[in-house]
Amino acid sequence: MKMLVCVSKTPETTTKIQLTADNSDLDRSGVNYIMNPYDEWYALVRALELKEASGGTVTIINVGPAENDAVIRKGLAIGADDAIRVNAEGGGSLYIAKQIAAQAAGYDLILFGKETIDYNGSEVGAMVAELLDMAYVGEASHLEMNGTTATVTRDIEGGVEVVEVSTPFALSAAKGMAEQRIPNMRGIMMAKRKPLNVIDPVEATATTSISSYELPPAKSAVKLVDPEDMTELVRLLHEEAKVI
Amino acid sequence: MVLVFAEATNGKFKKAAHEVVTYGAKTAKALGTTCVALTLGTVENAGDLGRFGATKVYNIAVSNGFDSGVFAAAIAGAAKALDAKVIVLSHNSTGKNITGRLAARLDAGSAPGVNSLPEVSGDKLTVRKTVFSGKAFADVEILTDYKVISLSGNSIPVEESGSAVDVETLSVDLPSAKVKVLETKRAEGITPLPEAELVVSGGRGLKGPENWGVITDLADALGATTACSRPVADVNWRPHHEHVGQTGVAIRPNLYIAAGISGAIQHLAGVNSSKTIVVVNKDPEAPFFKAADYGVVGDLFEVLPRLTAAIKAHKSL
Ligand SMILES: Cc1cc2nc3c(=O)[nH]c(=O)nc-3n(C[C@H](O)[C@H](O)[C@H](O)COP(=O)(O)OP(=O)(O)OC[C@H]3O[C@@H](n4cnc5c(N)ncnc54)[C@H](O)[C@@H]3O)c2cc1C
């Protein structure tokens, strides 16, 4: 089975978000970047497990500038066979989806993370599936392959739905799909020699742009309530916060 | 025209459907146009959506079972047939499966997971959404002719502004389904987390799954949905759909009560949009207190039963 795993680069989860003086962007000084956790822990690792079980290849793709190579090399160190980087920056979700779709012919399974932890869009996977006229299962927490047929469990509000699809198809991976893997020394050494093909973007226009950012208003100081007096807390929730 | 996709679960609308219709009606008003709703498959009392501001409801017959490709084709087909340029849907599990497909199909700019009504200037729409898992907001300008917006749950209050309207059947060309639904399992009778207005959540401070009674008793007294921190779901003390935070469900209830949760940055990322946060922790230095509106420094095994009793007393007044 030929598998393509789409990975994105995001600020590390403990990043304290600060903005540039004109609020036009995140202040990127001092920000550490990682591979988007859903892409790494769930999509990539599940693809590797499937390869280990029944053979095939795992290719990583990222749309981004040369500085993303570190994140791509990590994916190769974890076990992907080769990688593609479409040399482009920005553009928004549909732009990125069009770049991926242009490289995605011939794959049996295309895996995404359920969302990126920076823009929280949850839409690139579905876009690629539509552009390639493929089945798509979003927020999948379980995947079993049986030849060319797959049984996929997807998370829904307060439960799950189990579906059957045939290759080729795309999915976005959520918790439950696999367990995080830490690359070992051998993997890191081998990653340096694995192919990372840099490709020029196809023509596409941006469909959205972000005009400005804002931080949430600072919380006023916590009001402490006597642990013996929960009637007072109920009164505050009812009369002051008006939430019960 | 604004077209709203109103999802029905087992033929019935939930709050998310009323929220998107309210949102669509208000957006239409700002644009000086009308808002119509679209339902797919068998739906009871579809015309009822008129109460939330839809001037008409359309229905397209689709075969049973959810397939993102079929749903996106139906919504895009309706948008074209009705010449609706703004399309609104819910940012829930169904919406997340469709939004991207719809945007790709219509070559449209999309804003997934918005939190407030758009700002309109001429033909341009600017919408605000949370980014960095709730740590910031971004104002997104949609630059295309067709515009797709998905609305986060609990972002705007549902408003009634009209009465039931007519339902008309629409037929558009649909592709055949590529996904076959084998089984749908839902916890019955519980408001799912993303829709819940009241949430009671427990962390590692609970010490073990056998102690969860203090959380569920409080949740029952309030009519709240239960949630948990990530390590609790990781060790299977609680089902993983209860895990909230950066890598779990992001929620924005009116009230979030957290007991025995330290308030790690990744936990806060998924809950800090809650309107009111109550933290119960025996450690006065717990970072969660900085993000809380009300704090109780104490042993949760004593505090929660006391709070449950006080809620019951309040409700019986
Ligand atoms: C990439 C990444 C993503 C993550 N995503 C998430 C996420 O989505 N959601 C999430 O929750 N975490 C997430 N985490 C984990 C997060 O960093 C914390 O480890 C986790 O939230 C801690 O869970 P906790 O608060 O339940 O446990 P702890 O941090 O162990 O806190 C337990 C708290 O209970 C209190 N306590 C103990 N006994 C009592 C008592 N009797 N009465 C009152 N209080 C008591 C203690 O004082 C303490 O504050 C993520 C971590 C990483 C690295």
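Which ³J(HN,Hα) values, rounded to whole Hz and listed in residue order, are derived for the stretch B:178-193 from phi using the Karplus coefficients 6.51, -1.76 and 1.60 in 6.51 cos²θ - 1.76 cosθ + 1.60 with θ = phi - 60°, glycine and proline given as x?
Values per residue, Gly and Pro as x: 9, 10, 10, 7, 8, 6, 10, 10, 10, 5, 7, x, 10, 5, x, 3 Hz.
GNM, chain B, Cα, under 10 Å: largest mean-square fluctuation among B:VAL120, B:VAL199, B:VAL214?
Result for chain B, Cα springs under 10 Å: B:VAL120 fluctuates most.
If you place +1 on the Cβ of every Lys and Arg, -1 on the Cβ of every Asp and Glu, and leave all else neutral, what size is the dipole of the protein assembly as shown about its Cα centre, to the nearest 20 Debye? Walk me through the intermediate numbers first.
Details: 54 positive and 66 negative charges, 116 e Å.
Here the size comes out at about 560 debye.
Which order do the peptides A:17-27, B:50-60 come out in when sorted by mean C-beta neighbours inside 10 angstrom, highest first?
Values: A:17-27: 13.5, B:50-60: 22.3.
Going by the mean number of other Cβ atoms within 10 Å, highest first, we get B:50-60, A:17-27.
Counting only helical runs of four or more DSSP H residues, what would the 222 nm mean residue ellipticity of chain A come to if each run contributes -39,500 (n - 2.57) and the total is spread over all its residues? All intermediate terms of the calculation are to be shown ahead of the outcome.
Details: 6 runs with 52 residues, N = 244.
One gets -6000 deg cm²/dmol as the mean residue ellipticity at 222 nm.
What fraction of the DSSP beta bridges in the stretch B:2-169 is antiparallel, stated in percent and rounded to the nearest 5? Spell out each step's value before the answer.
On the way: 13 of 37 bridges.
Among the beta bridges of the stretch B:2-169, antiparallel pairing accounts for roughly 35 percent.
Among B:ILE251, B:ALA224, B:SER316, which residue has its Cα furthest toward the positive end of the charge dipole of chain B, with +1 on Lys/Arg Cβ and -1 on Asp/Glu Cβ?
The residue sitting farthest along the positive end of the dipole is B:ILE251.
I'm checking a number: the convex hull volume of the Cα atoms of the stretch A:92-176, normalised per residue, in Å³. What is it? Please list the in-between numbers first.
Working: hull volume 7.4 nm³, N = 85.
Once divided by residue count, the hull of the stretch A:92-176 is 87 Å³.
From the Cα gyration tensor of the stretch A:93-240, with a ≥ b ≥ c the square roots of its eigenvalues, which class applies: rounded if a/c is under 1.5, or else prolate if a/b is larger than b/c, or else oblate? Display every interim value, and only then the final one.
Details: a/c = 2.03, a/b = 1.75, b/c = 1.15.
Prolate.
Averaged over B:286-294, how many beta carbons belonging to a partner chain fall within 10 Å of each residue's beta carbon? Intermediate results must be reported in sequence, preceding the final value.
Numbers: counts 0, 0, 1, 3, 3, 2, 5, 10, 10.
Partner-chain Cβ atoms within 10 Å, mean over residues of B:286-294: 4.
Residues of A:91-97, mean number of Cβ from any other protein chain within 10 Å of their own Cβ, rounded to a whole number? Mind dumping the intermediate values first?
Working: counts 0, 6, 8, 9, 0, 0, 3.
Partner Cβ neighbours, averaged per residue: 4.
To one decimal place, what Kirkwood hydrodynamic radius in Å is obtained for the stretch B:2-169 from all pairs of distinct Cα atoms?
Numbers: mean 1/r = 0.0644 Å⁻¹.
Kirkwood hydrodynamic radius for the stretch B:2-169: 15.5 Å.
Straight-line reach from A:LYS192: which lysines fall under 24 Å, measuring Cα to Cα and dropping same-chain residues less than 8 apart?
Correct list for A:LYS192: A:LYS2, A:LYS9, A:LYS51, A:LYS74.
So what's Rg/Rh here for chain B, counting alpha carbon atoms and using the Kirkwood radius for Rh? Walk me through the intermediate numbers first.
Details: Rg = 21.0 Å, Rh = 20.8 Å.
A ratio of 1.01.
So which lysines can B:LYS185 reach, going by Cα to Cα under 24 Å and dropping same-chain residues fewer than 8 places off?
By straight Cα distance, B:LYS185 reaches A:LYS114, A:LYS175, B:LYS12, B:LYS14, B:LYS15, B:LYS96.
I'd like the antiparallel share, as a percent to the nearest 5, of DSSP beta bridges with both residues in the stretch A:2-215.
Details: 18 of 44 bridges.
Taking every DSSP beta bridge within the stretch A:2-215, about 40 percent pair in antiparallel fashion.
Please list, or write none, the aspartates and glutamates whose alpha carbon is within less than 18 Å of the alpha carbon of B:LYS129, excluding same-chain residues fewer than 8 places away.
Once the sequence-local aspartates and glutamates are set aside, what remains near B:LYS129 is A:ASP25, A:GLU115, A:ASP118, A:GLU123, A:GLU214, B:GLU19, B:GLU119, B:ASP139, B:GLU141, B:GLU195.
Once all Cα-Cα distances of the protein assembly as shown are split into 20 Å bins that start at 0, what whole-number percent is in each one?
Taking all Cα pairs of the protein assembly as shown, the binned fractions are 21, 55, 23, 1 percent.
Peptides B:275-283, A:81-89, A:213-221: what's the order by average Cβ count within 10 Å, highest mean first? Before the final figure, lay out each step's value.
Numbers: B:275-283: 22.0, A:81-89: 17.3, A:213-221: 11.2.
Going by the mean number of other Cβ atoms within 10 Å, highest first, we get B:275-283, A:81-89, A:213-221.
For a bin width of 10 Å, list the pair-distance distribution of the stretch B:193-315 built from all Cα-Cα distances, rounded to whole %.
Taking all Cα pairs of the stretch B:193-315, the binned fractions are 15, 52, 31, 1 percent.
With an 8 Å cut-off on Cα pairs and a minimum separation of 6 or more residues, tell me the relative contact order of chain B in percent.
Numbers: 704 pairs, mean separation 45.7, N = 317.
After rounding, I find 14 percent.
Using a 10 Å cut-off around each Cβ of peptide B:261-273, what is the average number of partner chain Cβ atoms that fall inside? Provide the component values of the computation, followed by the final result.
Values: counts 0, 0, 0, 2, 4, 4, 0, 0, 5, 0, 0, 2, 1.
Partner Cβ neighbours, averaged per residue: 1.
What is the magnitude of the charge dipole of chain B about its Cα centre, with +1 placed on the Cβ of each Lys and Arg, -1 on the Cβ of each Asp and Glu, and no other charges, expressed in debye to the nearest 20?
Details: 32 positive and 31 negative charges, 64 e Å.
Rounded to the nearest 20 debye, it is 300 debye.
Anyone know which of A:GLY55, A:GLY30, A:GLY176 comes out most mobile in the 10 Å Cα GNM of chain A?
Per the Cα network of chain A with a 10 Å cutoff, A:GLY30 tops the list.
Of the options B:ALA74, B:VAL167, B:ALA103, report the single residue whose Cα projects farthest towards the positive end of the charge dipole of the protein assembly as shown (beta-carbon charges: Lys, Arg +1; Asp, Glu -1).
Toward the positive end, the furthest listed residue is B:ALA103.
Number of Lys-Lys pairs in the stretch B:193-315 under 25 Å by Cα, sequence gap 8 or more or different chains?
Numbers: B:LYS207/B:LYS282; B:LYS207/B:LYS290; B:LYS275/B:LYS290; B:LYS275/B:LYS312; B:LYS275/B:LYS315; B:LYS282/B:LYS290; B:LYS282/B:LYS312.
For the stretch B:193-315, the number of qualifying lysine pairs is 7.
Since every read-out is calculated from the coordinates, none of them should be taken as a lab result. Since this is a predicted model, take the numbers as computed values, not measurements. Quick reminder, even Gly has a Cβ in these numbers, built from the backbone with ideal geometry, and neighbours come from all protein chains shown.
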